[in-house]
1. Residue under question is GLY95, and the condition is that it be over 17 Å from ALA69 (Cβ atoms), without any contact (Cβ under 8 Å) to a residue 40 or more places away in the chain and either in a loop (DSSP other than H, G, I, E, B) or among the basic types (Lys, Arg) (or both); does it hold?
2. Is it the case that ALA73 is crowded, with 16+ Cβ neighbours inside 10 Å, modelled with pLDDT under 90 and touching a strand residue (DSSP E or B) at 6+ places or on another chain (Cβ under 8 Å)?
3. Quick check: anything in the range 169-183 assigned to a loop (DSSP other than H, G, I, E, B) and closer than 19 Å to CYS213 by Cα?
4. I'd like the full set of residues that are buried (at least 19 other Cβ atoms within 10 Å of the Cβ) and either farther than 25 Å from GLY182 by Cα or β-branched (Val, Ile, Thr) (or both), limited to the range 142-156.
5. Report whether or not TYR156 is of a type in the set (Phe, Trp, Tyr) and under 17 Å from ARG62 (Cβ atoms).
6. Residue by residue through the range 165-187, note down the ones that are surrounded by 13 or more Cβ atoms within 10 Å (Cβ to Cβ) and of a type in the set (Lys, Arg).
Amino acid sequence: MKHLPMAGLLLLSLAACNRSPDTAAPAAPPAATAPAKDASVPADADLATASPVDPRSDSPARLDGFGGATLGAGIAEVRSGFGTPLQGLGTDAAGKPLPADDANEGCYFLRPQGAEDPRLMFEARKLVRYDVRSQAIVAPGGGRVGMTLGELQVLYPERADVGPDKYDDKAQHLRVRPAQDGAAIIDFALGADGKVGAWRVGRTPQVDYAEGCG
């Protein structure tokens, strides 16, 4: 039996170490990236929960205001930020809207020109609440006119209290309390038929004015 010299063994070993692999190792798959957050959808941190079918991205109603109007803002700021001219609820004999007195320190409502909703409540010349009676506008959290109490309780499972109406024994209110003291409250008014007829968002005590500004 022949033995290879030590030098030959070293050459064979080096040749084996320097041989390139026949196939390249597969490239690592690209790292998954999180979907970008839609900045147009407002975050309502005070809500107890977010509805899985919450359509608030299409609704201007928020816990801190409506569209370009923010709760607590002065009348001039609300007018400039709302985008649509605001007018009073009253009309003259010809049906024309009566001019609103922006210097009024009392309680009064304004609404967008050519629309019934929302009705913006002002007191001490600041926006303190807004009311909605239209089914087309969705409340923060997904509630809307026409829903039943059971449907609302699915959307607002926490911090939602059921209470009586001040004047109608067959009517009820679902009041959604805020997570933080001083933040806005949502109040859904359910009629004798068990369905929401109107809802409002505002701060206390104005959100609890049962007669509006009456």
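The values are calculated or read from the model by the stated rules, or taken from the named source; none is laboratory data. Everything numeric here is computed off the predicted structure, so don't read it as measured data. Methodologically, a virtual Cβ is constructed for each residue, glycine included, from the backbone with ideal geometry; neighbour enumeration extends over all protein chains shown. For accessibility, only protein heavy atoms count, side chains too; no ligands or nucleic acids. Shrake-Rupley method; radii C 1.70, N 1.55, O 1.52, S 1.80 Å.
1. So GLY95 passes the test.
2. Considered against the rule, which asks whether it is crowded, with 16+ Cβ neighbours inside 10 Å, modelled with pLDDT under 90 and touching a strand residue (DSSP E or B) at 6+ places or on another chain (Cβ under 8 Å), ALA73 comes out as no.
3. No, the range 169-183 contains no residue that is assigned to a loop (DSSP other than H, G, I, E, B) and closer than 19 Å to CYS213 by Cα.
4. As a first pass, look at the range 142-156 and keep what is buried (at least 19 other Cβ atoms within 10 Å of the Cβ): 142-145, 147, 152, 155-156.
Correct list: VAL145, MET147.
5. Spelling it out, TYR156 is indeed of a type in the set (Phe, Trp, Tyr) and under 17 Å from ARG62 (Cβ atoms).
6. Listed by number, the residues that qualify are ARG175, ARG177.
Quick grid of which residues meet (1) of a type outside the set (S, T, N, Q); (2) within 24 Å of ASP181 (Cα to Cα); (3) assigned to a loop (DSSP other than H, G, I, E, B); (4) open to solvent by 60 Å² or more (accessible area, probe 1.4 Å):
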{"position": "GLU77", "(1), (2), (3), (4)": "yes, no, no, yes"}
{"position": "PRO99", "(1), (2), (3), (4)": "yes, no, yes, yes"}
{"position": "PHE109", "(1), (2), (3), (4)": "yes, no, no, no"}
{"position": "MET121", "(1), (2), (3), (4)": "yes, yes, no, no"}
{"position": "SER134", "(1), (2), (3), (4)": "no, no, yes, no"}
{"position": "ILE137", "(1), (2), (3), (4)": "yes, no, yes, no"}
{"position": "PRO140", "(1), (2), (3), (4)": "yes, yes, yes, no"}
{"position": "GLU158", "(1), (2), (3), (4)": "yes, yes, yes, yes"}
{"position": "GLY163", "(1), (2), (3), (4)": "yes, yes, no, no"}
